[in-house]
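This report refers to the structure that appears directly beneath it.
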Amino acid sequence: MKGGETVNDEKLIGLFETRSERGIEEANRAYGGLCRSIAMHILSDSRDAEECVNDALLHVWNAIPPQKPQKFSAFFASVTRNLALNRYAANRAQRRGGGQVPLVLEELSECISAPESTEQVLDRMALHDTLEAFLKSLPPKHSKVFMRRYFSMMPVADIAAELNMRESTVKSILRRTRAKLHEQLEKEELL
Amino acid sequence: MKEQDLLEEIGKVSEELIAAHALPDAKRYGEGGAEQSVTAKEQIVMSEKKTEYIKNPFIRALPAIAAAAAVLVAGVIILPKTGLMRTPATSVDSEVETSEITETSDFRLKISKAWMNVIPGAELEHSGNLDVTAELEYAGQDAAPTVWYGGFTLEKNGKLLYENVADGVQPEHFENPAAEPAENGAVIYDKEPEPLPVAYSAQGAVPLSILAPDLDAHWIQNEPGDLMLTVYCRVGSPAAEPITVTAPVTDYEVRDFEPTVALPDLNNWTYYDAKQLIQEAGLLVDKRSAYSDEIPEGHVISTDPELPAELAPGTYVRVIVSLGSGHNIIPVPNFTGMDWELAKTMADGMGLILGKNPVPSSEPEGTVLAQSIEVGTEVAEDTVIDLEVSTGSEQSEFQIRTFRIPFQIPTGVTGQFHIELYKDGECVETGSSFDPEYAAGTTSVAVTVENVADVIAYLVNDKTSAKAEIGICHLDAWDGSFSFDKEINMEEVFRQVTETGTSSADQ
């Protein structure tokens, strides 16, 4: 491989599998910025976000092998997101930080029962299947808006800018998609 | 469910979905963001090479000379280790303008599609397959001859990259030795020959599907020069000297090669077995549910795409899983020996309806003695099951009693009268005639009833047959009681049936 040339996901995984430290460098070059932005959306603190991404890289390094993700970018982003959310929960306990999480949680509360409702046994497998099917049933544009907001925790303005839409359109898509998700969860008796 | 649960579950959707829809372009994120990937770089290089190729004046002339001619030959014919090479008597090659087509080689090769499939993760010298769809056209004046296809070679800058040429009409079977990489990274394979006859269709063209596997894709894409394919044919006879047609391969697209996986028909499999098989094949499952009268609950009704099929990795397979018939099917329990009240409660809870049929029996009253549907029979919700329930007595359930119903006779009434009793519209009893002047102030009629009965009593004037209703009498054989539905006014009744009423002065 020529020097200075970045690698694709398959080759990245190959570097991790062969325990080449170049894998970490390349992963950071390829997706470090993206993952830092996800962490920032959650934590709104650059130092926390930086630490999060470094932790995520370590997690990924330790996970591969034996894990072999199909999409390295998605795997790295998921790990970063999870670590960032955990850190957010810890920060919240210490009354630190902010970011998009409170807004996102408030928006997602529209999709589910009122918090005061009777606790129900949550069938996580059924929820996973339902969510997966629901997201795949959406028009690609709507799915992108929804996933960028609720997976990557992007602000509405950033989504609008990236996808070349008005902010009002993004908000409208999010609102309609949340309503449809609520309907689907009700139909599947997951609420 | 809490919103945090939903947020967490969104983070667990498939990597496919995350990669496709959740992540913006990493290149937007500057330092530490992604630079062009190798694949993208390769595509850019390929694109640049195509541009250079088109600018080359010689190359620009080729289309005019060879029309859309380009042949890639699929299949490799083993060459013996002796290195016997084909020396065609007639050939058309890249160094000769193809407009000089001889009488015995009035053929043109037209490529309709060409792909360079890059195999991810493969060693460089085996990293690509060249896959081409082409047609061999006969452009001569005579009727199109039969052509025996004899293989192909692939070269670049005069260096042989791939060779698969038949040795003759009845080629020997050659062994398949290991590949011997050439210095330039080219790979030569010896494989079993494929001397298939190729007949022309009415359109005068023969489709050819050509595959040159295990090439050094990186070298091919980046090495300057033209990729030239030569196809070998024997015209008119399998013993004829072979001719060759050579043309450049242009405009082939580079793409990642994705081997397909085969899935069998999964209909009627259990969902969990089907899901496991699909996921083990590197495919993704999209579960849906539907009612079915034929397919048992939890089993697969159908899939989309329909199986069996060859699918690319990462493909979603929609699996429709049966929820059963949609009607609750209930096995009939054993009510026999149970108390009727308990059986009723149980049936209510199960969605069954019970009918009670009292039966004389020495068993304690209310005991279920028998049921109309066998234990264990599967029935639908709301099915009626009749139960024979003990009355607690072996005696008949019927009580018969004879009543004597008295009627008051007012004074001052003359004439002859009698009383009739009707039950269900029929006269069941006719009392004796009486003369009120001589009666003792009352008369009575005897009637026998079973269990409980209502009878209507009428007063009839024997002379005029005038009839007037006295009233409805309810008789209960069980306890021996009887009573009228209203207070009886016998004077009025007599008045109705006499011409002169109760007064007998005028008679």
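Derivation of every value follows stated rules applied to the coordinates shown; laboratory data play no part. Keep in mind that this is a model prediction, so the values were computed, not measured. For neighbour counting, all protein chains shown are included, and Cβ atoms are generated from backbone atoms with ideal geometry for every residue, glycine included.
Tabulated values for the structure
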| item | result |
| --- | --- |
| Amide H partners (placed H, <5 Å) of residue B:316, local residues excluded | B:284 |
| Size-normalised alpha-carbon gyration radius of segment B:230-347, reference 2.2 N^0.38 Å | 2.13 |
| Vicinal HN-Hα couplings computed from phi for segment B:259-274 (Karplus, 6.51 cos²θ - 1.76 cosθ + 1.60; Hz; Gly/Pro x) | x, 8, 10, 9, 10, x, 5, 9, 4, 6, 5, 5, 4, 5, 5, 5 |
| Residue A:189 paired with residue A:61, simple spin-label distance in nm, labels 7 Å along Cα-to-beta-carbon | 4.9 |
| Peptide A:148-155, shielding by other chains (average Cβ, 10 Å cutoff) | 4 |
| Shielding of A:30-43 by partner chains, average beta-carbon count, 10 Å | 4 |
| Cα-based Kirkwood hydrodynamic radius, segment A:101-187, one decimal, Å | 13.7 |
| Segment B:249-272 and segment A:53-96: distance between their alpha carbon centers, rounded to Å | 32 |
| For residue B:287, distant residues with modelled amide H under 5 Å away | B:319 |
| Segment B:250-300: GluC sites (Glu not before Pro) in DSSP loop, at most 16 other beta carbons within 10 Å | B:294, B:297 |
| Cα pair distances in segment B:325-459, grouped into 5 Å bins until the bin that holds the longest one, percent each | 2, 9, 14, 11, 8, 7, 7, 7, 7, 7, 6, 5, 4, 2, 1, 0, 0 |
| Packing-based order for B:211-222, A:141-152, using average beta carbon neighbours within 10 Å, highest first | A:141-152, B:211-222 |
| Viscosity 0.890 mPa s, 25 °C: Kirkwood-radius Stokes-Einstein D of chain A over Cα pairs, µm²/s | 134 |
| Inter-chain shielding of B:151-159 (mean C-beta neighbours from other protein chains, 10 Å cut-off) | 0 |
| Relative contact order (%) - criterion: Cα under 8 Å, at least six apart; region: chain A | 21 |
| Hydrodynamic radius of segment B:329-390 per Kirkwood, over alpha carbon pairs, in Å | 11.4 |
| Residue pairs, from the table A:171/B:2; B:423/B:467; B:2/B:27, whose Cα atoms sit over 28 Å apart | B:2/B:27 |
